Amino acid sequence: MHNTEDLFQNEDGELEFILNPEEPLVLLLGWVDHEGILSSLKSSNRQYKKKILDSLPENWETILQIFDQYKVSCVLGKLTPRVVHLLSEDKYSEVKVRLFAKLSTIPNQFFMFDDLFLGQQDDKFKEQYKFYPTKETIENIITWLRQQKIHLVPYKTNAEVTVLAESFLDDTERNLLFRIYVPAGRIWSNEADRFLELFRDYLTKVDKVSVRLDQRRTDYGVIYEFHGDSPSNGSELTTEFQNFSHLMDLCATDIEAATSLLRLKSLNPSDLTTIISRYSKEAKRLHLDIKQEAEHKALAIRHRFESEFLDYGLTDAEWIELNAIITKIIPLSGNLMLAHFFAPNQANTGGLTLNIRPQFIQAVNNVTAQEIYGNQHFTHEHNELINIINKYGSDNKVELETAVYEIADKSGKEVDKLKASKVLKDFLISVSKKTGEIAVNLLQSWIEKQLGL
């Protein structure tokens, strides 16, 4: 622990402890040093340094120098209207690129007040911020920050900042790399469990990365977390997850191609042979189990359809359409490892064109929700969020879908739900021009209502 004689006054006029360049450092940018956040840092004996962003470009240069002097493990920051304005000024154009490029390489979280995030200045802040960036300026800066892989978090109260920041610091201290929610009852959930354990084995034996896989079970699903032995922003692990999925499919279908792929990892020949042999057996078993589970679910759904619609006199054409729906939502071939374990193409049949009578569509949705997706407890709004994610979520579908499930999980942790709500709010705002602001605003309001905000 630090002693009081270790205190000194930094260039920003703040009291700090003497820092050890050999130990990890938490970087605080702006007025994010709330009492609760500092208490969390001190209780875990983590050293930190605060710098002000509302300053001259020369001071931004000194922030960059910190990365040369210390092992920066993560960064917490606040973006005020003034800082957003500075980001738009020409004299900051060169240093901001270098600074935020550096910040993007480590776990980061920057808080932005709701009104600023939305480009709407509340009357009560007109005196405090007499110069307020235009909505266009704010949108341009937010777009640029997203492109730089800066994690923006909208907030309403300082209490939210404290809770979210403490959780972020806890995640970075435990070196959280990757997180995914698999709902109970989802098709292939057992296979997903085995797949993730194999992925951990792959990281350890092939990539030579020390990781552990933790699980936390709730009434509605299982949360899987990968933790490493060093800080990371998780992007490399996401790429490796996709690479491993491809490798497992090759192990089941094309051993020569899988072997060629693994040779790029510079494994010694004996290890390569052992790994290929094991993964080939595991991949073939997984593919068989996936196929058989798909066939079992398809038959169960078909039987339920027959029972549900027995008395309605469906035409031959409608029965053909119902069978086509089953084929669409439970494909029996193709790359099943990644695409359908963790990000199915549809959360329900809302994205399919149904040529059956409208009164049957809800029954079809209910059956598929119960048998396929483990989301029978979802409301209309949950399903609407999933549909938007499937359409616009791009590479972030897994993280966004996890957020929807965590909000819907009544037995989950409140802090996890709060974090999930911020992830979804950021996403909804980013796609509002594509989906329509009215629909997005309604979903945002609904999310906040679920959390009592």
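The values are calculated or read from the model by the stated rules, or taken from the named source; none is laboratory data. Every value quoted in this text rests on a predicted model; they were computed, and no experiment measured them. Reconstructed Cβ throughout: ideal geometry from the backbone, glycine too, with neighbour counts over all protein chains shown.
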Legend entry - Identity of the residue in region 296-317, among the aromatic types (Phe, Trp, Tyr) and outside any loop (DSSP other than H, G, I, E, B), that ends up farthest from the chain's Cα centre (by Cα): Tyr312
Inset, instruction - Search region 178-212 for residues being in a loop (DSSP other than H, G, I, E, B) and touching a strand residue (DSSP E or B) at 6+ places or on another chain (Cβ under 7 Å), and hand back the single one that is nearest to Thr402 (Cα to Cα). - result: Ala184
Inset, instruction - Quick one: Thr204 ticks every box in (1) more than 30 Å from Ser411 (Cβ to Cβ); (2) among the β-branched types (Val, Ile, Thr); (3) out of contact with any Ser or Thr (no Cβ under 9 Å at 6 or more places or on another chain) except a single one, so which number is it? - result: (3)
Inset, instruction - Residue by residue through region 216-225, note down the ones that are surrounded by fewer than 19 Cβ atoms within 10 Å (Cβ to Cβ), in contact with a strand residue (DSSP E or B) (Cβ under 6 Å, 6 or more places away or on another chain) and over 27 Å from Ala298 (Cβ atoms). - result: Arg216, Glu225
Legend entry - Verdict on Leu267 being part of a helix (DSSP H, G or I), modelled with pLDDT of 85 or more and either touching a strand residue (DSSP E or B) at 6+ places or on another chain (Cβ under 6 Å) or surrounded by 13 or more Cβ atoms within 10 Å (Cβ to Cβ) (or both): no
Inset, instruction - Sort through Arg216, Arg285, Arg194 and tell me the only one that's over 27 Å from Ile329 (Cα atoms) and not hydrophobic (A, V, I, L, M, F, W, C). - result: Arg216
Inset, instruction - List every residue pair whose Cβ atoms sit under 9 Å apart, with the two residues 6 or more apart in sequence or on different chains, where the first one lies in region 191-208 and is on the phi > 0 side of the Ramachandran plot and touching a residue at least 60 places away in the same chain (Cβ under 8 Å) and the second, anywhere, is surrounded by 20 or more Cβ atoms within 10 Å (Cβ to Cβ) and of a type in the set (Val, Ile, Thr). - result: none
Inset, instruction - Within region 361-408, work out how many residues are within 26 Å of Ala300 (Cα to Cα), touching a strand residue (DSSP E or B) at 6+ places or on another chain (Cβ under 8 Å) and surrounded by fewer than 21 Cβ atoms within 10 Å (Cβ to Cβ). - result: 1
Legend entry - The listed residue being over 18 Å from the mean Cα position of the chain (by Cα), surrounded by fewer than 17 Cβ atoms within 10 Å (Cβ to Cβ) and charged (D, E, K, R), out of Arg194, Arg146: Arg194
Legend entry - Residues of region 289-321 classified as under 17 Å from Asn190 (Cα atoms) and surrounded by fewer than 12 Cβ atoms within 10 Å (Cβ to Cβ), total: 1
Inset, instruction - Enumerate the pairs (first residue in region 409-427 and of a type in the set (S, T, N, Q); second residue anywhere and part of a helix (DSSP H, G or I) and crowded, with 18+ Cβ neighbours inside 10 Å) with beta-carbon separation below 6 Å, excluding pairs fewer than 6 apart on the same chain, so at least 6 apart or on different chains. - result: Ser421/Ile447
